[in-house]
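A.B. asks: Starting off with a structure, shown below.
The values are calculated or read from the model by the stated rules, or taken from the named source; none is laboratory data. Predicted, not measured: the structure shown is a model, and the values here were computed from it. Calculation scope for accessible area: heavy atoms of the full protein, side chains included, ligands and nucleic acids excluded. Shrake-Rupley method; radii C 1.70, N 1.55, O 1.52, S 1.80 Å.
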Amino acid sequence: MTNSTVTSPAQGSTAGSLIRTPPGVGSLGGIGLVLAGTVSVQFGSALAALLFPRVGALGVVSLRATLAALLLLLVCRPRLRGHSRTDWAVAGAFGVALGGMNILFYQAIDRIPLGPAVTLEVLGPLLLSVVAARRVLSLLWAGLALAGVVLLGGGGFAGLDLAGAGFALGAGAMWAAYIIFNARAGARFPRLDGLAVAMAVAAMMTLPLGIGSAGGALLQPDVLALGFAIAVLSSGLPYALELLALRRLPAATFAVLMSLAPALAALAGLLVLGQRLSGPACAAIALVVAASAGAVRTGLRTGVRTGRSARWRARASTASRATSTHTPHHPARP
């Protein structure tokens, strides 16, 4: 599972002009920050799996969401006044997507290895990128990802748990919804206020499930300590590292690096949980990583061309108005 942070367009343009750094050491540092944040998320998920025998998947996700919400509310101190009903509806939907994504993902890694779970989950954002790009080349990336999934199911999962795979795919769908509502909340709330409110909604959504599943075991000191570590590794630290990375890297580089999540998840599963994957499973993960990176690059190129076309049309319109103003005796051409 990965995290992403979105600022409002106004904030992004201003911040970008103030904190943009030249390529070189800053770029290398930004790459390191992105990789560190992704590693933190995946190792946080691996640590969460170690806690499953104590409090179950629902108990762990409730600890993570609740402690992460407390951290974000304490650090961000979001302003609660001055927002419309639509703003709160967007934040609520963002929180439901966030909570649902975590619930389904933790149910998945309780049943299948971490690397394949993230590989299936990343199909949600990948499909969103393909649909948004609307280019023929995007079909190539979709086919490459499909080949990876077929390979993963045919040779990568010995004794595939269909429920676990279904939960991972459901988490991917919620991840796509998370991306959409993250962007909308970022446009309506300053800084990370929308994310803090959404995490509070996710906590209220998951905490009753966790209490019903694990009861008083959630309050054991060692469980709370591990839960806090999971919240920091999976939420707090990655958000901070991603914000720092976005100050040093172009969006295209950042997005492609985030596509490495399945491979890093497989590494975390191996080192922390002892989950060894077969050759076909590793090849399947590589195919999905390549498809994800390709889809991201295609979408970004489409966005750049669209932006250039819009700017050209704007300049042409301005020139037309200027010509009409300075030569009033010559009517404008249709």
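A.B. asks: If you wrap a convex hull around the Cα atoms of region 109-240, how much volume per residue is inside, in Å³?
C.D. replies: 137 Å³
A.B. asks: Check which residues have an amide H placed less than 5 Å from Q275's amide H, if you skip close sequence neighbours.
C.D. replies: Here the answer is L270, since their amide H atoms fall under 5 Å of that of Q275.
A.B. asks: At a 1.4 Å probe radius, which order do R191, R276, R247 fall into by accessible area, largest first?
C.D. replies: Putting R191, R276, R247 in descending order of accessible area: R276, R191, R247.
A.B. asks: Given a 1.4 Å probe and every protein chain left where it sits, what share in percent of the accessible area of region 163-256 is carbon and sulfur?
C.D. replies: Carbon with sulfur: 75 percent of the solvent-accessible area.
A.B. asks: Rank these residues by their accessible area, most exposed first, probe 1.4 Å: F94, F228.
C.D. replies: F228, F94
A.B. asks: Another question about this same structure. Relative contact order (percent) for region 47-168, with alpha-carbon contacts under 8 angstrom and 6 or more residues of separation?
C.D. replies: Relative contact order of region 47-168: 33 percent.
A.B. asks: Still on this model: For region 55-65, just list the computed ³J(HN,Hα) in residue order, Karplus coefficients 6.51, -1.76 and 1.60, θ = phi - 60°, integers in Hz, with x standing in for Gly and Pro.
C.D. replies: My calculation for region 55-65 gives 10, x, 5, 5, x, 5, 5, 5, 4, 4, 5 Hz in order.
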